[in-house]
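Visitor: Quick one: the structure is below, questions incoming.
The values are calculated or read from the model by the stated rules, or taken from the named source; none is laboratory data. Because the structure is predicted, anything quoted here is derived from the model rather than measured. Positions of Cβ are generated from backbone atoms using ideal geometry, with glycine treated the same way; all protein chains shown enter the neighbour counts. The area values use the complete protein model at the heavy-atom level, side chains included, leaving out ligands, DNA and RNA. Shrake-Rupley method; radii C 1.70, N 1.55, O 1.52, S 1.80 Å.
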Amino acid sequence: MEINLLSLAQRPAPIRLGCFILSLLLPWLPYAAAIYILVKDENTRTILIMGILAVEFLFLLPWWSKYIHQQAQTFRYYGLEFTRKNAVELLRGVAIGLISIFILFGLQGILGWLVWQQPSFSMLQLILEGLITGLGVAFAEELFFRGLIYDELQRDYNSKTVVWAVAIIFALLHFIKPLPEIIRTSPQFFGLLLLGLACAWAKRSCRGRLGLPIGIHGGLVWGNYIIEVGKLIKYSGTTPQWVTGVNNNPLAGIMGLLSLMLLALWMRQKQLKVKSY
């Protein structure tokens with residue numbers, strides 16, 4: 001077994017990643033299928049299915065790190081340092097993401113493209129649920145994309161290739177849907193690509209720590225959750241959806257893309273000031 005594992009460590013990055021993903025998905029599929037059949041509520045079903053996948057990922061990752069790459073301190077190695085510096089970067093990232101969302105929607109309100117409304121239920125509930133959802137999603141996705149996938153590609157390719165490859169993979173895996181829907185919501189792909197680039201450059205600007213990218217990603221999800229779930233806005237219909245966002249998704253409109261482009265360029269500028277880690 002040890003010989004096989006050592007042999008796998010020498011294989012090209014796509015093969016290593018393929019083996020990891022298969023190891024992750026094969027035990028998960030029977031549980032996912034059972035939940036899909038037995039649980040009728042769509043939200044509960046999604047939470048259970050993705051929750052099991054996340055827990056399995058957190059158990060598999062240390063094993064992979066230890067036995068494939070002989071790395072003992074798994075989470076620290078992938079950028080999850082439990083330090084004051086990383087915590088400060090996390091909080092800074094949350095603030096950046098949250099402020100970016102409210103500037104985006106606030107500007108559209110000033111331009112008359114949307115109107116603000118009273119929340120559909122308790123603001124405190126919205127804020128707490130959004131915070132938990134945002135940080136949970138960001139933690140899992142950043143550890144997977146900017147942690148595991150970034151590291152595996154970094155072993156075989158140069159840094160520029162890695163940053164773009166991880167961003168493209170991130171966008172593609174979030175864009176699995178029927179072809180007509182892919183075509184209709186195509187601007188969203190570029191929004192996901194820009195978010196992926198911003199988070200990768202944020203990681204590099206912090207010498208590999210994940211606090212800042214988790215914070216930025218989590219802050220964006222948190223802000224959007226508060227606005228979308230709380231039904232805080234209503235579009236006036238005076239502007240085409242390709243400007244404000246197809247299906248009211250800010251990632252799928254010109255305004256959202258411009259916002260993410262500015263964020264990505266800011267993170268790129270920050271990482272250019274930091275020597276390669």
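Visitor: Multiply the residue gap between Ile254 and Glu228 by 0.36 nm, knock off their C-alpha separation, and tell me the result in nm, one decimal place.
Guide: This chain segment gains 7.5 nm when fully extended.
Visitor: Measure off 7 Å from each Cα along the Cα-to-Cβ vector at Leu22 and Ser7, then give the distance between these two points in nanometres to one decimal.
Guide: Going from the Leu22 label point to the Ser7 one covers 1.3 nm.
Visitor: Translational diffusion coefficient, Stokes-Einstein: compute it for segment 34-174 using the Kirkwood radius over C-alpha pairs as Rh, at 25 °C and 0.890 mPa s, and state it as an integer in µm² s⁻¹.
Guide: 134
Visitor: Next question. What do you reckon, how do Met50, Met123, Met255 stack up by accessible area (1.4 Å probe), largest on top?
Guide: Met50, Met123, Met255
Visitor: Follow-up question, since we're still on this one. Assigning unit charges at the beta carbon (Lys, Arg +1; Asp, Glu -1) and nothing else, what dipole magnitude in debye, to the nearest 20, does segment 82-177 show about its Cα centre?
Guide: That gives a dipole near 200 debye.
Visitor: If each residue of separation counts as 0.36 nm, what is the full-extension length gain between Ser122 and Tyr235 once their alpha-carbon separation is subtracted?
Guide: So the extension gain works out to 38.5 nm.
Visitor: Okay, moving on. With a 1.4 Å probe and all protein chains in place, put His174, His69 in order of accessible area, largest first.
Guide: His174, His69
Visitor: Could you point to the residue in Leu173, Leu148, Ala200 farthest towards the positive end of segment 118-268's charge dipole, with +1 and -1 charges on the Cβ of Lys/Arg and Asp/Glu respectively?
Guide: Of the candidates, Ala200 comes out farthest on the positive side.
Visitor: Would you work out which of Ala95, Ile183, Pro250 lies farthest towards the positive end of the dipole of the chain, given +1 charges on the beta-carbon of Lys and Arg and -1 on that of Asp and Glu, about the Cα centre?
Guide: Ala95
Visitor: Still on this structure, please answer the following. In whole Hz and in residue order, list the ³J(HN,Hα) couplings for segment 110-123 that follow from phi through the Karplus curve 6.51 cos²θ - 1.76 cosθ + 1.60, θ = phi - 60°; x for Gly and Pro.
Guide: 5, 6, x, 7, 8, 10, 7, 10, 5, x, 6, 7, 3, 5
Visitor: Another question, if that's okay. Return the carbon/sulfur percentage of the accessible area of the chain, one whole number, probe 1.4 Å, all protein chains in place.
Guide: Here it works out to 68 percent.
Visitor: So what is Rg over Rh here for the chain, counting just Cα atoms and using Kirkwood for Rh?
Guide: Checking Rg against Rh, the ratio lands at 0.98.
Visitor: Does segment 159-261 classify as rounded, prolate or oblate by the C-alpha gyration tensor (a ≥ b ≥ c root eigenvalues; a/c under 1.5 gives rounded; else a/b over b/c gives prolate, otherwise oblate)?
Guide: oblate
Visitor: Taking 25 Å as R0, compute the FRET efficiency from the Cβ-Cβ separation of Trp242 and Leu173 and round it to 0.05.
Guide: 0.55
Visitor: With +1 on the Cβ of every Lys and Arg and -1 on the Cβ of every Asp and Glu, and nothing else charged, how large is the dipole of the chain about its Cα centre, in debye rounded to the nearest 20?
Guide: The dipole magnitude comes to about 840 debye.
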